[in-house]
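Computed from the coordinates by the stated procedures, all read-outs in this text should not be read as laboratory data. Because the structure is predicted, anything quoted here is derived from the model rather than measured. Counting neighbours? That spans all protein chains shown, and the Cβs are built from the backbone with ideal geometry, glycine included.
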Amino acid sequence: MSNSDVNFRLATKADISQLVLIENSCFTQDKMTQRNFLWMLDKAHADLILLEVDGKITGYGLLLYRRGTSLVRLYSLAILPDQQSSGLGKALMLALEKAAQQRDCVYLRLEVRRDNERAIALYQRLNYRQFDRKLDYYEDHSEALCFEKRIIYPQPETRLQVPYYPQTTEFTCGPASLIMAMSAIDSRIEQSMAHELQLWRESTTIFMTAGHGGCGPHGLALAAWRRGFLVDMYLSQQDTLFFNTVRSKEKQAIISLVQQDFLRQLEPTSVSIHYQNIEMDALIAQLDAGNIPLILISTYRINRNKAPHWVVLTAHDEHFIYLHDPDVDDEKHASVTDNFFVPVPKSDFQTMAKFGRSQLQAALIIAKP
């Protein structure tokens, strides 16, 4: 590489045929197609960066960014086989890190085949650390090792050990988040679809936006209390929540009735209801105390859908709040590793944690009994 002219640039549609050639030269399965590359260039929130040696496209790296966060994932990396021992892999990785830093990303994460010793050695030399593994990940059912590297800013000041549990339906973000929070405090909590759906049955508002109803803070608080946890609930309003997410007067009446019934059931419990916003400093204090906040957010900054969504706060540092998001978007080449300890700038999080025209803020603090 020392006598070669090495350059990096963003790919265009004119480069797709060469990218497919590289892909076919490097992989026998799990290969990107012409259609995949076109989608990445046209629709993905991504950087497709080319490695050129003496003017010839020799390799590429594909970064996928998680909208509304400071997390980036290396989706694919390939260099022509006859160039793989010339130091180009390190150079390409450093170029990818620089591109991610320019977008203010905090963590770069990736998956690699367990038997890809050369790639693993490269990542370890560049100070990537293994933090997870995935069974049956690739087309041939082989295992993937998950690596990450902090590319800007210091480590989180507080990072709670919250096990990750992905929601199994589109309407159970609340139950999945509650399972994560309770499991962080009590490892005996069952992490299963059966428990997730049981929590949903206990907590659902019946109706919300479209399809099956999600879960409101009242029902989730009651479900956590029934399982022996201390719960504080913070609400910015006393009106019926999610009332305007449905248009039918009949559905609005049912949502209102369900909330009133939850309030009736909460009266004899130890759940504390605070009709006030919970500020960032208070959330950080709860994290530092080892308590687990569940926060209602609007997904607009993540996927441009104005939907209510529950997440779990897991860590913080000077610049960022970190969260576990239970919703893994399989349709956008997402990975479970995109969804835990997700860094979100504090200023963005404060905007994200407001839903609807009323700017509803809702939080549950789950604590040890």
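The table for this structure:
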| quantity | calculated |
| --- | --- |
| Proportion of all alpha-carbon pairs of the stretch 159-367 beyond 21 Å (%) | 48 percent |
| Radius 11 Å from Cβ of Asp15, net charge of other residues (Lys, Arg +1; Asp, Glu -1) | +1 |
| Sorted peptide list for 350-362, 16-28, criterion being average Cβ within 10 angstrom, highest first | 350-362, 16-28 |
| Gyration tensor verdict on the stretch 163-234 (Cα atoms; rounded if a/c is under 1.5, prolate if a/b is larger than b/c, oblate otherwise) | oblate |
| Arg9 versus Ser272: modelled label distance in nm, points set 7 Å from Cα along the beta carbon direction | 6.1 nm |
| At 1.002 mPa s and 20 °C, Stokes diffusion of the stretch 1-95 via Kirkwood alpha-carbon radius, µm² per second | 157 µm²/s |
| Residue-averaged 222 nm ellipticity for the chain, from DSSP H runs of 4+ at -39500 (n - 2.57), nearest 500 | -9500 deg cm²/dmol |
| For the stretch 6-152: relative contact order, % (alpha-carbon pairs under 8 angstrom, 6 or more apart) | 19 percent |
| Nearby lysines by direct alpha-carbon distance to Lys251 (threshold 29 angstrom, same-chain neighbours under 8 apart not counted) | Lys306, Lys354 |
| Proximal charge balance of Tyr275 [Cβ under 14 Å; K/R count +1, D/E count -1] | -2 |
| Entry for log10 I(q)/I(0) by the Debye sum over Cα atoms at q = 0.07, 0.14 Å⁻¹ (calculated from the structure that is shown) out of [x] -0.35, -1.13; [y] -0.29, -1.19; [z] -0.48, -1.23 | [x] |
| Above-threshold pairs, the threshold being 26 Å between Cα atoms, out of Lys56/Lys98; Lys13/Lys149; Lys249/Lys346 | Lys13/Lys149; Lys249/Lys346 |
| Ratio Rg/Rh, restricted to the stretch 32-157 and using Cα atoms, in which Rh is the Kirkwood radius | 0.95 |
| Theoretical gain in end-to-end length, Arg247 to Gln102 [0.36 nm per residue, Cα-Cα removed] | 47.9 nm |
